[in-house]
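To start, the structure under review is shown below, and the notes come after it.
The values are calculated or read from the model by the stated rules, or taken from the named source; none is laboratory data. Only a predicted model underlies this, so the values are computations on that prediction, with no experimental measurement involved. Backbone-built Cβ (ideal geometry, glycine too); neighbour counts: all protein chains shown. Areas reflect the complete protein model, heavy atoms only, side chains present, ligands, DNA and RNA absent. Shrake-Rupley method; radii C 1.70, N 1.55, O 1.52, S 1.80 Å.
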Amino acid sequence: MSKVYLVGAGPGDPELITWKGRKLLALADSVLYDNLANEHLLELARKNCERIYVGKKKSVHAFPQEEICQMMIERARRGLTVVRLKGGDPFIFGRGGEEVEALVEAGVPFEVVPGVTSPLGIAAYSGVPLTHRAHTKVVTFVTGHDVASVDWSKVGQSETLVIFMGIFLIHEIASEIIKHGRSGETPAIAVRWGTRPDQETVTGTLGTIADRIAQADMKPPATVIIGEVVALHEKLSWFEKQPLFGKRIVVTRAQDQASEFSERLRALGADAIELPVISIQPAEDPAPLDRAIEQLATYDWLIFTSVNGVRFFLDRLDRSKHDLRSVQARICAIGPATRRAVEDLHLKVDLMPEEYVAESLVQAFAQQTLSGKRVLLPRAAVARDLIPAELIKLGAHIDVVEAYRNLVPPDAMLRAREIFSSAKKPDWVTFTSSSTVKNLLSITGREALEAVRVASIGPVTSETARAHGLTVDAEAKQFTLDGLIEAILGSKAV
């Protein structure tokens, strides 16, 4: 028999899960996850891990509670490591106690891993400290789905009152609290999807918060906080003031390269939506690159135009009888990321153009003596012919070999339809190469991107976008991910 782990997923931001929770997700054989557990956390699990949605939305339950408990017990008895991923903290209005009781009665080993409960997330991300020496020393958590079962004459007088699951009944709750002596002028706030890029905030007083929630058409899940500390919200709030807060930005890079860009966007408050429209695969026929590697010591220059070129060149080198000692050539790299990939191999970059495009590389080589020099260019299967054509004019003998291919991932079409046909379209789509433009449009068509702003990493990518009928709203001046973000930030549309 294995063990069941009740893991708190935190309040919404996937980065707020505990380190232990991350480790357990990576070890899990089966994950049973709630509606309030961010689905990005499932990416931490292994590919062959079983994922089962057992969430509850008001009266709509994927599975009855008894069946959820039985699912955990049955899997543990089969020897599986089970993670029960629960929004917030398992023991704060999360039925964690009930589930642990069921495991104890069944004799199933378990552990409880605490998580950041939603009021703590709201306190951090909305500027509402639940305690403050000048305002309050008492905090009360209460569930609001059954108003009649709560003694509001006592609970309602708490200096800071946090109401879970009470948004549908907040008018009745507020009336009860005021009826028992609390001032209707007491500051109040309702926060939906706290700590997430789509966080919504409604402020008011105990006497007005119900009407404000109705006017904003705020829906669950939301938490209401009542108390003098709420008056600090405007002063201490930081999350919703981030430059890209609430902007939905599509990242079209390959799956194994998207996370770096997405994390930078999320750090600025954006909702980064990963839609890989490129799958980087090895060359269909590796023989030309293998033959070049056999002659590696004879080349005078080795040119890398992307990190992928470095990666797949190294892969074939590792499969050969040679190693890096066979590299006698001087090395040219386009862009800082490609340069870092080369330098990570403890190789020096001898030439890097001022701008990270083919035209600038050709200009840089114009200052070199290339007559009679042998040049190796491992690159994508489909790429511009500018570099080899211009270097040949300079007298070089150049071998252009396919190191990798850009393919459209098989699930990209379904994912793209979900994103661009939703009621709330993305604010931006980002393109980091001509291939990302062509591949996305081959899936969606140009019409799907109407009213979606376009951000391009550079002039070549922009030219491709315009050739396909798109308007480029932001173009990076420095042709890097940081430059692309700066272009979005500098756009009038932000």
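One table, with the values for the structure above:
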read-out: Subset of the stretch 10-33 [of a type in the set (Asp, Glu) and closer than 14 Å to Trp193 by Cα]; value: Asp13
read-out: Residue within the stretch 254-262 that is crowded, with 19+ Cβ neighbours inside 10 Å, touching a residue at least 12 places away in the same chain (Cβ under 8 Å), part of a strand (DSSP E or B) and on the phi < 0 side of the Ramachandran plot present; value: no
read-out: Helices (runs of 4 or more DSSP H) wholly inside the stretch 389-494 that include at least 2 residues being within 12 Å of Thr252 (Cβ to Cβ); value: 412-420, 434-444, 459-467
read-out: Glu274 vs. criteria farther than 30 Å from Asp482 by Cβ and either open to solvent by less than 10 Å² (accessible area, probe 1.4 Å) or among the acidic types (Asp, Glu) (or both); value: no
read-out: Test: residue in the stretch 446-456 that is under 20 Å from Phe245 (Cα atoms), among the basic types (Lys, Arg), touching a residue at least 12 places away in the same chain (Cβ under 8 Å) and open to solvent by 20 Å² or more (accessible area, probe 1.4 Å); value: yes
read-out: Those residues of the stretch 322-361 which are among the small types (Gly, Ala, Ser) and in a helix (DSSP H, G or I), in sequence order; value: Ser326, Ala337, Ala341, Ala358, Ser360
read-out: Scope the stretch 268-303; condition outside any strand (DSSP E or B) and under 10 Å from the mean Cα position of the chain (by Cα); matching residues; value: Ala270
read-out: Of all residues in the stretch 15-31 being of a type outside the set (S, T, N, Q) and within 15 Å of Asp89 (Cα to Cα), the one that is most open to solvent (accessible area, probe 1.4 Å); value: Trp19
read-out: Matching residues in the stretch 102-113 - criterion: being exposed (fewer than 12 other Cβ atoms within 10 Å of the Cβ) and either of a type in the set (Lys, Arg) or not in a loop (DSSP other than H, G, I, E, B) (or both); value: Val104, Glu105
read-out: Cβ-Cβ under 7 Å pairs, at least 6 apart or on other chains, the stretch 175-193 side at positive phi, far side among the polar types (S, T, N, Q) and buried (at least 19 other Cβ atoms within 10 Å of the Cβ); value: Trp193/Gln199
read-out: Qualifying strands (runs of 3 or more DSSP E) (wholly inside the stretch 1-88; at least 1 residues being in contact with a helix residue (DSSP H, G or I) (Cβ under 6 Å, 6 or more places away or on another chain), modelled with pLDDT of 95 or more and among the aromatic types (Phe, Trp, Tyr)); value: 4-8
read-out: The one condition in (1) more than 23 Å from Thr461 (Cβ to Cβ); (2) among the aliphatic types (A, V, I, L, M); (3) in contact (Cβ under 8 Å) with a residue 60 or more places away in the chain; (4) open to solvent by 40 Å² or more (accessible area, probe 1.4 Å) that Leu324 fails to fulfil; value: (3)
read-out: Pick from the stretch 304-321, criterion outside any helix (DSSP H, G or I) and touching a strand residue (DSSP E or B) at 6+ places or on another chain (Cβ under 6 Å), ranking: most open to solvent (accessible area, probe 1.4 Å); value: Thr305
read-out: Condition check for Glu240: more than 30 Å from Lys56 (Cβ to Cβ) and acidic (Asp, Glu); value: no
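Residues checked against (1) of a type in the set (Gly, Ala, Ser); (2) within 26 Å of Ala383 (Cα to Cα):
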{"position": "Ile419", "(1), (2)": "no, no"}
{"position": "Lys425", "(1), (2)": "no, no"}
{"position": "Ser433", "(1), (2)": "yes, yes"}
{"position": "Thr436", "(1), (2)": "no, yes"}
{"position": "Leu440", "(1), (2)": "no, yes"}
{"position": "Gly445", "(1), (2)": "yes, yes"}
{"position": "Pro459", "(1), (2)": "no, yes"}
{"position": "Glu463", "(1), (2)": "no, yes"}
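To keep it simple, each residue is scored yes or no on (1) at pLDDT 95 or above; (2) open to solvent by less than 20 Å² (accessible area, probe 1.4 Å); (3) on the phi > 0 side of the Ramachandran plot; (4) not hydrophobic (A, V, I, L, M, F, W, C).
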site: Met352; (1), (2), (3), (4): no, no, no, no
site: Lys373; (1), (2), (3), (4): no, no, no, yes
site: Leu376; (1), (2), (3), (4): yes, yes, no, no
site: Ala381; (1), (2), (3), (4): no, no, no, no
